[in-house]
1. Would you check if there is a residue in the stretch 16-34 being modelled with pLDDT under 90 and on the phi > 0 side of the Ramachandran plot?
2. Being surrounded by fewer than 10 Cβ atoms within 10 Å (Cβ to Cβ) and part of a loop (DSSP other than H, G, I, E, B) is the filter; apply it to the stretch 24-35 and report the residue that is nearest to the chain's Cα centre (by Cα).
3. Looking at the stretch 1-23, I want the residues that are surrounded by 10 or more Cβ atoms within 10 Å (Cβ to Cβ) and have a partner that is of a type in the set (Val, Ile, Thr) and assigned to a loop (DSSP other than H, G, I, E, B) with Cβ atoms under 7 Å, at least 6 apart or on another chain. Which pairs are those?
4. Among (1) modelled with pLDDT of 85 or more; (2) at negative phi, where does Asn39 come up short?
Amino acid sequence: MTKVEINKQAPEFTALDFTGNSVSLSNFTDRVNVLLIFNRSFS
């Protein structure tokens, strides 16, 4: 995995959204900022 650095372009990745759909970072190339939140389940 590529190390993330401040003020550098983020590496490409794909993850599942809350509905189970696949979303890639490249889907947001027209945006200045993208916020990604990882939720943990406590059960």
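1. No, the conditions are met nowhere in the stretch 16-34.
2. Going through the qualifying residues, I end up with Leu35.
3. Close Cβ pairs (under 7 Å, with a partner that is of a type in the set (Val, Ile, Thr) and assigned to a loop (DSSP other than H, G, I, E, B)) amount to Ala10/Val4; Pro11/Thr2.
4. (1)
The values are calculated or read from the model by the stated rules, or taken from the named source; none is laboratory data. Please read these numbers as outputs of a predicted model, since none were measured by experiment. When we count neighbours, we look across all protein chains shown, and the Cβ atoms used for this are built from the backbone with ideal geometry, even at glycine.
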